[in-house]
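Engineer: Have a look at this one before I ask anything.
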2 protein chains.
Amino acid sequence: MKVVKFGGSSLASGAQVEKVYHIIASDPDRKIVVVSAPGKRYSDDIKVTDLLISCAEKYLNGEDASGLVETIISRYKSIAEELNLSNAIINKISDDLLTLLSGDKTNPASFIEAVKASGEDNNAKLVAAAFKHKGMDAHYVSPKEAGLLVSNDPGNARVLPESYQRLYALRDQPDVIVFPGFFGYNTDGEVVTFSRSGSDITGSILANGVKADIYENFTDVDAVYAVNPHIVENPKEIRELTYREMRELSYCGFSVFHDEALIPAFRASIPVNVKNTNNPEAPGTLIMSARENRNGPVVGIASDDKFSSIYVGKYMMNKEIGFGRKILLILEEFGLSFEHIPSGIDDITIIVRQNQLNEKIEQGIVERIKNDLDADEVRIEHNLALIMLVGEGMRQEVGTAARASKALAEANINIEMINQGSSETSMMFGVKETVEKKAVRALYEEFFASVRV
Amino acid sequence: MKVVKFGGSSLASGAQVEKVYHIIASDPDRKIVVVSAPGKRYSDDIKVTDLLISCAEKYLNGEDASGLVETIISRYKSIAEELNLSNAIINKISDDLLTLLSGDKTNPASFIEAVKASGEDNNAKLVAAAFKHKGMDAHYVSPKEAGLLVSNDPGNARVLPESYQRLYALRDQPDVIVFPGFFGYNTDGEVVTFSRSGSDITGSILANGVKADIYENFTDVDAVYAVNPHIVENPKEIRELTYREMRELSYCGFSVFHDEALIPAFRASIPVNVKNTNNPEAPGTLIMSARENRNGPVVGIASDDKFSSIYVGKYMMNKEIGFGRKILLILEEFGLSFEHIPSGIDDITIIVRQNQLNEKIEQGIVERIKNDLDADEVRIEHNLALIMLVGEGMRQEVGTAARASKALAEANINIEMINQGSSETSMMFGVKETVEKKAVRALYEEFFASVRV
C-alpha cells in the first residue's frame, strides 16, 4: 500500500488534478491520497492558504472580505469547471466556507486555525469529487473521522501517539481515500494545524499509521537536487538519500521536503519517494534508512544565512567546571536555542539563528555573561552563513576536509569556522554571508563536477 | 628591573650555580632571583623535591628515613663544596631540615607541604650564601617576610590579591634578593605549595608585584620549540610568542613553561623570556601580549593524547532548547570537566580528558543521558589525540585549514574532528592516538620545513 501526497502546485488547476488522477489510477497500490490546498498556478499567483489567512483576519477585524471570499471560491470553481464537475461540489464548498467564516470567533486563534485548514479540507472534497466523476471508487475522509489527534499547539501541532492505531483502520477501506493535509483535531474536537507546508507531515503520519510500503511525495521538481538551483544552474539530481542526510540538508534550507515530516516515516522505516507530478515517470529521490554509497563522499551541499555568533573569551576558561553549561543556561533564560557551540581552550562560540536576536536581547546577554561569568570578552557578530557538506560516506573517506577547504582557499574564501566530526553525516563551514554563494559554487565544482548521476 | 627564575636543573650542581651567578652578575637589572630546589644532574638522578616527599612520608609512617635525610643534605653539601662555601650554611640547612622533620605532625598534609617546600627554601639560602661568598650584595628573603600570601589549597595554592602590594616593597631593597619558589604562606602562617613546577608561578607573581620590566625564566633549553623534539628532530625554535599562543601550546603538552604561571605576568603585561642557563647568550623565546606576525600563520604545533569522546545522538536535537546544557549538567554532576563540545544538528560530542573516566563513571553517564534526555544513541570512544596548530596569524590567512587537512590527507590520516574558528589563535584536529606522531610530523613538514627562524 502506498500513501501519496500532492503539494499545492500539483493541485493548482484542473489540468494538474487531471495529472494527479492519472498518477493514482495508474497504480492500484496508491490507496491513500493526501492533498494540499491549491497552490500557485504561476509565479506571482497567491496560494489559497494565504488568501484564507487574509480573509480570516478581515473577518476578525470586522472588515469587508467579500472580494477575498469570491477569489477563494473562484479558485475551486475554475478547477471544477475545467474538469466538468457539477455545481453541487462548489456549492457545498461555498456553503461550508461561508458557514465557517460567520461562525464563532470568541477564540480568534481557533477561528484562524479552522479557516486556514479549510483550504486543504475543501480541496480534498473537490479532488474526491473529481476522482469519482472520472469513475474511480474514491471518497473524502476527514481527519476527525479517521482519528488524527494532535496536540493543542496552533500552527505547530504534534501528532498524538494514539492516532497511529486509529489510522491503521484506513487500510480496511476498499476505495481510494482522499485526505486533507496540514491539520488534525485536538482532544476537544477543534482544528489545529501543523507548521506551514504541513501536508508533508500528514502524509508521513498516515504512511506510518497504515504501515505503507512507501510514502510518495509529489511536488513540482524531478528530484531533490544536490545543491540549490538558485545558486548552481542545472545541478545534479540526488537518487538516494538517507533520512539523516535529508534532515541535515533540510536544516540548511533544502525545502523540498518538510523537516518534521520525516519523523513518522523515519520511526517506521518507510521510504519516502520525492517525485514530480509533471513528470511521474522520473524516478525521483528515494529517502530511506540506508543507501549504497556511490558517487563519492558528498551527496548534497546546503547553505543557509542569517546566523550570528556569540564569542566568549576568558583566560583559563577550560579549568572552570560548569562554564559552558552556565553560558547555555543564560541563553536559555533569554529563550534562545543554539545551533553549535565550538569551543577552544579559553574561548567558546555559540552560533544562533539571527532572527532570535535584537539589540535589547544582545545587550542583555553580553551583560549577563560579563557580569555573572566574569568573562574577559563577549562579542556578537552577525551575518554568518553556514554551509553543510552532507553525505554518509564522508567519515570513512580520508581527504574530504582537505578537498573542501582547498576548494574554498582556491576561491579565496576565508573560513570563519569548520565543524567536522561532531556529526557523522556532515561537515560544516562558516563563512561570511557575502561569500556564501561563491563558496557553495566552489564546493559544488569540487565534489560534483566530475560525478555522473 | 628584572625578575629571574632558575629551574632545578640550573641549580643541580656547584658548576650550575656558578653559571647562575655569572648570569646575575652580568646584568645589574637582574635584582630578584627565584630558585627551584636542586634538580637532576643526570637523567636518572632524583630531584630533591622527590626525595623530600619520600622522606616526609617515611616520617609520617614512623619508618627510618636517616638514609634519605643524608642523601638530601649531601646534595646541598656537594654544591657548597664545589663552590668552596663554609660549613656554616650546610649546618644551618641540616639543622633546619631536622627540626622541621621532627616537628608537629598532627596535620599530615601541612607537614608534607612544609617538607616539600624546604627544598626551594634551603636552596635559596644556599644560593644567597654562594652569591655573597663571591662578593655580591645578595640575601635570602622568605616568602613570609615578603608577604606572599596564598589560598589554603595544598599543592594547588593561588596567590591572594593583597600579596601584590606587599611584594612591591621588594623594589626598595638595594641587594640582589634570592627568593625560594614553589610556595607561599596561608593567612594562618603555614606553608602552602603551588602545583608542581610552581617556581615559575612564584617568579611570575614577583614580576607582577614589583612591576618588573621583564621576567626571565632560565631553564635548560635554548628556546621553546615549534614542536615536541621527541616527535621531530631538531625542531625550529620559536623567537616570539603571545601569551595566548603559549597557553594554547601548554594545553596540549608544551611543558617548558608552567601553564598557570603565565597569568600574573599576563595580567600586568610583563614579557616572559624563556632562556637557557647553559647558553645565556641565546636570545631564547619571548612571550608577550602581541608579536609581529612573521614566518607564516603557524607558530607551533602541540599534541596530546588520552582524550575520550562522548557522542550523543538524538533525532531533532537542535529543536530542543536546553538539550546541550542538560548534557553538560550531567557531566558536571559526575565531576567531569569537558574540553570541547562540537555539535551537529542532531548530534553533540563532548571531548574529555580520559583520566577522568572509568568503567563505572562511563556506565553512569551513558545511563543518565539515555534515561534523562531520551537520547537515541550514546557512545564513548577512547584513545583520541588532539593536535593544535597555534598561531595568531591563522585567522587572517586564507588556506591554513586547507594546507593542514591536505597534509594530513596526503599522509593518509583520517581526521576524526576539526575544530576551527572557535579560538582565534588555534585550530584543532582530532585523530586516533595511533597516528598522532605521524600527523604531527606531516603538519610540521607542511608549515615549518621551508620556514627560516
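Engineer: Put a point 7 Å out from Cα along the line to Cβ at A:E433; what are the distances to that point in the other copies, in nm, shortest first?
Structural biologist: Copy-to-copy label distances at A:E433, shortest first: 4.6 nm.
Engineer: Mind checking the angle between helix A:48-60 and chain A's longest principal axis? C-alpha axes, 0 to 90 degrees, to the nearest 10.
Structural biologist: Tilt of helix A:48-60: around 80 degrees.
Engineer: Can you list the distances in nanometres, one decimal and ascending, from the A:K144 label point to the identical position in each other copy, with the point 7 Å along Cα to Cβ?
Structural biologist: 8.9
Engineer: Can you flag which of A:K2/A:K134; A:K134/A:K275; A:K19/A:K132; A:K326/B:K306; B:K58/B:K144 are past 19 Å Cα-Cα?
Structural biologist: Beyond 19 Å between Cα atoms: A:K2/A:K134; A:K134/A:K275; A:K326/B:K306; B:K58/B:K144.
Engineer: Let me ask something else about it. Which distances, shortest first and in nm, link A:G296 to the matching position in the other copies, using label points set 7 Å out along Cα to C-beta?
Structural biologist: Reported distances to equivalent positions: 2.8 nm.
Engineer: Averaging sequence separations of C-alpha pairs under 8 Å and six or more residues apart, then dividing by the length of chain A, give the relative contact order as a whole percent.
Structural biologist: 13
Engineer: Against the longest alpha carbon principal axis of chain B, how many degrees, from 0 to 90 and to the nearest 10, is the axis of helix B:323-333 turned?
Structural biologist: Approximately 40 degrees, to the nearest 10.
Engineer: Taking the Cα centre of the protein assembly as shown as origin and charging only Cβ (+1 Lys, Arg; -1 Asp, Glu), how large is the dipole, in debye to the nearest 20?
Structural biologist: 860
Engineer: Report the one residue of A:P280, A:L83, A:C55 whose Cα lies farthest in the direction of the positive end of the charge dipole of chain A (charges on C-beta: Lys and Arg +1, Asp and Glu -1; origin at the Cα centre).
Structural biologist: Highest projection toward the positive end goes to A:P280.
Engineer: What average count of beta carbons from other chains do you get within 10 Å of the Cβ of residues in A:400-411?
Structural biologist: Counting other chains' Cβ atoms within 10 Å and averaging over A:400-411 gives 6.
Engineer: Separate question: Relative contact order for the range B:181-279: what percent, with Cα pairs under 8 Å and sequence separation of 6 or more?
Structural biologist: For the range B:181-279, the relative contact order is 36 percent.
Engineer: Moving on to the next point. Which residues among the range B:382-400 fall inside the zone where the amide N is under 12 Å from a point 7 Å beyond the Cα of A:K319, along Cα→Cβ?
Structural biologist: The answer is none, because no backbone nitrogen lies closer than 12 Å to the label point.
Engineer: Now a separate question. Please average, across the residues of B:260-272, the number of beta carbons from any other chain that are within 10 Å of each residue's own beta carbon, and give a whole number.
Structural biologist: The per-residue average across the peptide is 1.
Engineer: Let me have the relative contact order for the range A:2-220, percent, based on Cα pairs under 8 Å that are six or more residues apart.
Structural biologist: This gives 27 percent for the range A:2-220.
Engineer: Using the Cα centre of chain A as the reference point, and only Cβ charges (+1 on K/R, -1 on D/E), how large is the resulting charge dipole? Debye, rounded to the nearest 20.
Structural biologist: With only Lys, Arg, Asp and Glu charged at Cβ, the dipole is about 860 debye.
Engineer: Inside 10 Å of the C-beta atoms of B:317-330, what's the mean count of C-beta atoms belonging to other chains?
Structural biologist: So the per-residue partner count for this stretch is 5.
Engineer: Are there trypsin sites (Lys or Arg not before Pro) in the range B:237-297 that DSSP marks as loop and that have at most 14 other Cβ atoms within 10 Å, and which are they?
Structural biologist: Of the trypsin sites (Lys or Arg not before Pro), the ones in loops of the range B:237-297 whose Cβ has at most 14 other Cβ atoms within 10 Å are B:R294.
Engineer: Ordered by packing density, taken as the mean number of other Cβ atoms within 10 Å over each peptide's residues, highest first, how do A:110-121, B:352-363, B:131-142 rank?
Structural biologist: A:110-121, B:131-142, B:352-363
Engineer: Helix B:400-410 versus the longest principal axis of chain B: what is the Cα-based angle in degrees, 0 to 90, to the nearest 10?
Structural biologist: With rounding to tens, the tilt is 80 degrees.
Engineer: Rounded to the nearest 20 debye, what is the charge dipole size of the range B:300-448 about its Cα centre when +1 sits on each Lys and Arg Cβ and -1 on each Asp and Glu Cβ?
Structural biologist: Once rounded to the nearest 20, the dipole reads 140 debye.
Engineer: Moving on. Which order do B:L101, B:L408 fall in if you start with the one that has the fewest other Cβ atoms within 10 Å?
Structural biologist: Final ranking by Cβ density, sparse to dense: B:L101, B:L408.
Throughout, read-outs are computed from the coordinates displayed, never taken from laboratory work. Everything quoted here is computed from the prediction, not taken from an experiment. Positions of Cβ are generated from backbone atoms using ideal geometry, with glycine treated the same way; all protein chains shown enter the neighbour counts.
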